[in-house]
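Laboratory data are not the source of any read-out in this text; all were calculated from the coordinates shown. Everything numeric here is computed off the predicted structure, so don't read it as measured data. Neighbour counts are summed over all protein chains in view; Cβ atoms, including those assigned to glycine, are modelled from backbone coordinates with ideal geometry.
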Amino acid sequence: MSVSSRSDTSIELRTLRTPLQDTPIDRTLQFNLLKALLGLNVSETELKRIDLSPFFKFYAERCDFALTDRGHYVSCKTHEDLISIAKCIRHGHTREEIQARLRLEYANPSDQEQDHGRRFVQVQDDAINGSIDLAAGLLTMIGIGKPRFGSLGYEVMEWRTGPFGEFIRNWFDEQKTQTGEYVRFERSFHALSLEVIAGVKIEWTYNLVDHLRLLDADDDQHESVVQIFHCASFLHLQKYRTHPLLPPSLIDETLQTIALLLPREDESVQTWYRKIEKQHTLDPSAIKLPYLKREQRRIENFSFWRERLIILKQCYDESEPRDIRQWWYDRRKGVQWYTFWVAIFVLLLTLFFGLVQSIEGALQVYKSYHPTL
């Protein structure tokens with residue numbers, strides 16, 4: 001190894017040894033951290049083409065939450081600690097094996113680790129489990145493990161035993177449905193029409209298992225909410241992983257659902273998304289996915305997300321305009337739309353001419369009393 005290579009490796013290791021709570025994470029550390037965490041076989045040049053800010057917003061929020069209560073519920077203290085656990089998960093170690101390794105490591109820290117002051121002599125099991133759940137969640141952008149305190153505000157999966165990759169595949173396989181119901185998604189069905197026409201509030205999520213989950217309103221005074229996973233860049237990065245955890249078919253289908261809801265050919269959707277992109281730290285690549293052709297917009301092309309798509313489509317189809325704005329944009333029933341607006345136009349004309357006649361009548365009465373004017 002050359003002096004330059006050893007120097008670069010040394011710098012990379014030092015940056016990864018920074019504490020988890022040190023934010024924001026600079027660009028150089030982002031590249032090193034993402035490659036090491038996910039096990040990516042990708043060049044820095046390729047990574048520079050990707051906007052990493054959505055993933056690292058998710059990363060920082062998860063680490064901050066895990067470190068609540070002075071980090072008593074998580075044993076790893078640096079990015080390097082987290083990467084070490086993630087590597088075990090990627091390589092197919094069972095949860096029990098990782099737990100045993102961490103108990104041994106933390107119970108008998110090396111002299112070097114003691115010198116760095118980065119370990120406690122004894123770490124509680126809940127802290128070890130908290131670290132494993134944190135690493136697994138960051139590897140897949142999925143909420144893993146019930147919180148030891150507070151509320152996360154998103155759906156979680158409980159991985160209790162065995163290899164994580166096997167657990168993930170089994171969980172998503174159970175979500176597959178093969179209903180015979182015929183559904184085709186017309187071009188007007190997308191995220192903007194859900195919000196403007198159906199009155200469904202869009203909630204952007206960083207948690208994959210919340211994708212397309214529809215939360216019904218408690219009453220007529222509140223909006224229904226649909227959660228949309230927007231991190232397309234993270235899904236694209238999976239093809240560079242040496243040990244992928246998410247099933248390739250799940251990745252492809254999730255990207256298709258994002259393309260369905262954020263069509264790149266629809267200018268109104270593109271303009272709307274760009275306006276809110278910076279405000280919510282959304283993934284810019286979500287609106288750059290290949291447009292779905294007519295045959296790709298059929299429900300039989302979806303299995304993992306089929307049930308949620310059907311529920312969402314039913315919500316969209318059954319919605320009725322409740323205000324003037326929705327009446328204007330809702331053109332699903334063309335005859336009804338034209339009839340409504342013709343009636344409005346006739347009503348406005350009637351009011352206008354009635355007002356004109358009233359003014360003329362008032363002027364005539366006024367002139368009859370003031371003939372000299």
Label model pair residue 61, residue 146: point-to-point distance (7 angstrom along the Cα→beta-carbon line) in nm is 2.3
With residue 291 itself left out, Lys, Arg at +1 and Asp, Glu at -1 over residues whose Cβ is under 11 Å from its Cβ give +4
Beyond 28 Å (Cα-Cα) in this structure, taken from 77/201; 48/288; 35/275; 57/293; 146/275, we find 77/201; 35/275; 57/293; 146/275
Neighbours of residue 170 by Cβ distance under 13 Å: Lys/Arg at +1, Asp/Glu at -1, summed charge -1
On the formula 1/(1 + (r/R0)^6), with r taken between the Cβ atoms of residue 49 and residue 348 and R0 of 51 Å, the FRET efficiency rounded to 0.05 is 0.45
Packing-ranked peptide list from 246-258, 43-55, 226-238, highest mean Cβ count within 10 angstrom first, is 226-238, 246-258, 43-55
Rg/Rh over Cα atoms for the stretch 191-319, Kirkwood Rh, comes to 0.95
Residue separation between residue 301 and residue 174 times 0.36 nm, minus their alpha-carbon distance, gives in nm 44.0 nm
Most packed first (mean Cβ within 10 Å per residue), the peptides 76-84, 94-102, 279-287 order as 76-84, 279-287, 94-102
Most exposed first, judged by fewest Cβ atoms within 10 angstrom, 272, 171, 159 run 171, 272, 159
Measuring from its Cα centre, the stretch 191-319 shows a charge dipole (+1 at each Lys and Arg Cβ, -1 at each Asp and Glu Cβ) which, in debye to the nearest 20, is 780
The local net charge around residue 201, scoring Lys/Arg +1 and Asp/Glu -1 for residues other than residue 201 whose Cβ lies under 10 Å from its Cβ, equals -3
